[in-house]
1. Return yes when ALA182 is outside any strand (DSSP E or B), assigned by TED's automatic domain parsing to the domain that holds ALA255 and either in contact (Cβ under 8 Å) with a residue 24 or more places away in the chain or touching a helix residue (DSSP H, G or I) at 6+ places or on another chain (Cβ under 9 Å) (or both) and no when it is not.
2. If you check VAL188, VAL204, which single one turns out to be touching a residue at least 60 places away in the same chain (Cβ under 8 Å) and either out of contact with any strand residue (DSSP E or B) (no Cβ under 8 Å at 6 or more places or on another chain) or under 16 Å from VAL147 (Cα atoms) (or both)?
3. I need the full set of residues from segment 59-101 which are surrounded by 15 or more Cβ atoms within 10 Å (Cβ to Cβ) and in a helix (DSSP H, G or I), in order please.
4. Checking PRO48 against (1) in the same structural domain as ARG215 (by TED's automatic domain parsing); (2) assigned to a loop (DSSP other than H, G, I, E, B); (3) free of Cβ contacts under 8 Å to residues at least 40 places away in the same chain, which test does it fail?
5. Failed condition for GLY303, given (1) outside the structural domain of LEU153 (by TED's automatic domain parsing); (2) small (Gly, Ala, Ser); (3) modelled with pLDDT of 90 or more, with all others met?
6. Out of all the residues in segment 319-329, which are buried (at least 17 other Cβ atoms within 10 Å of the Cβ) and more than 13 Å from GLN284 (Cα to Cα)?
7. With the requirement that a residue be closer than 30 Å to VAL286 by Cα, basic (Lys, Arg) and part of a strand (DSSP E or B), what does segment 209-268 give you?
8. Could you please tell me which pairs satisfy a Cβ distance under 6 Å, a separation of 6+ or placement on different chains, a first residue in segment 208-221 that is touching a residue at least 60 places away in the same chain (Cβ under 8 Å), and a second residue that is surrounded by fewer than 23 Cβ atoms within 10 Å (Cβ to Cβ) and in a strand (DSSP E or B)?
Amino acid sequence: MRSSIFPSPKFAYVLACACVLGSLAAARAQEAVIGPNAQLSVTVADEPDMTGPYTVDPAGNVTMLYIDSVHVDGLTSAQASAVIKKRLRKYIKDPQVVVHITAPGQIEVTLSGEVTTQGTRQVRMDERLNDLLQQAKPTSDADLRDVQINHGLPGERHWTDDIDYAAYLEQGGDAGNPTLRAGDVIFVKRKTNLPIEVVLRGEVAHPGRFSMPARSTLLDAVYQAGGLTVDGNRNDIQIEDAAGAPRGKADYFTARKSPADPAANPVLHDQDTVTVGEAAHPFQFVILGAVQRPGAFEYSRPGMTMADALGAAGGTVEHAKAKNAMIVRTLPDGTVSKIPFNAGDPVVLKTTPINVGDDIYIPPGSGQRLDALGVIGLAVSVLGVVH
């Protein structure tokens, strides 16, 4: 335990000014929240080694002296200040902490339909629809009176908003220019009097028949159906014509990587049927133990890392033994491999890849208690390694 530390009069004055400036900034940001890759300014009374700029890692954590990794994703400045202050009480008596958001983090959104530049991109957390469409440049055939935004991350509730973006261009107002959310899929319709009908079957969120603008693509249809389920076979999506004859097949990952390439993301015809089968091995990984949200998560794209996995699970809980983390992986020949890694090292998190089917375990610290799912998952992993 360090000796008692009380803010000096000079720091008290600086802190008071910082609080006033922070209040004004917060009012302007309308209670902005911290996200991955956000830039923070943290002030800790009489602690120059801890005071300064910080960058939130992709998992939503900042690493600080004494207290290691602190999960701040989704918190306001005031909430982050309270969390850091609580953690510091173990080392400093009555610590004084002020957190400012100097630059919001980034979220991932996808743009498809009648725009010049389609695809998935990283944007600021405070980005609005107009910011994105100005960059993507809608085509002359775009129907700006009815822009669809499909909301919802994998595993969450999905819903759709129909936005009159043209009204925003004509009159302004927030209704036609909403703030974007993580995982949003923006679909810009084509102006046409002759829509096509496409049938989506199999492992999509909402199978059925959909009316879509002419020249809609495979990805447009999948997004219209709410996206693929966790068990959907992303590597083999079948397309048939109105007579049931095969038109070809597509790879979901390749289509997302090259949405403007007709070979990767085929343009659909009227009365086409798109069928997504069930994968032989579900596209999931499991993370258990001392994390905020233990459980199974979708392996949503190739090249995912431990930073992505830990971010999906909400980060580690307090006192987690992050340095003793382990990946339990079943190899193609059926053998089981245990891979230790340090989940408290941001560099390790960013450079450690995960595979479909991985079981990831973060040990709890002393005095912590595993939840039921964690106990079962650990038992299964250990038995798998033994056998």
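The values are calculated or read from the model by the stated rules, or taken from the named source; none is laboratory data. Keep in mind that what you see is a predicted model, and the values were worked out from it rather than measured. Note that we place each Cβ from the backbone using ideal geometry, even for glycine, and neighbour counts take in every protein chain shown.
1. The answer is yes for ALA182.
2. VAL188 is the lone residue from the list that is touching a residue at least 60 places away in the same chain (Cβ under 8 Å) and either out of contact with any strand residue (DSSP E or B) (no Cβ under 8 Å at 6 or more places or on another chain) or under 16 Å from VAL147 (Cα atoms) (or both).
3. SER77, GLN79, ALA80, SER81, VAL83, ILE84, LYS85, ARG87, LEU88
4. Answer for PRO48: the failing condition is (1).
5. (3)
6. ALA320, LYS321, ALA322, ALA325, MET326, ILE327, VAL328
7. Result: ARG234, LYS249.
8. Note: pairs meeting the criteria are PRO213/LYS189; PRO213/ARG190; THR217/VAL267.
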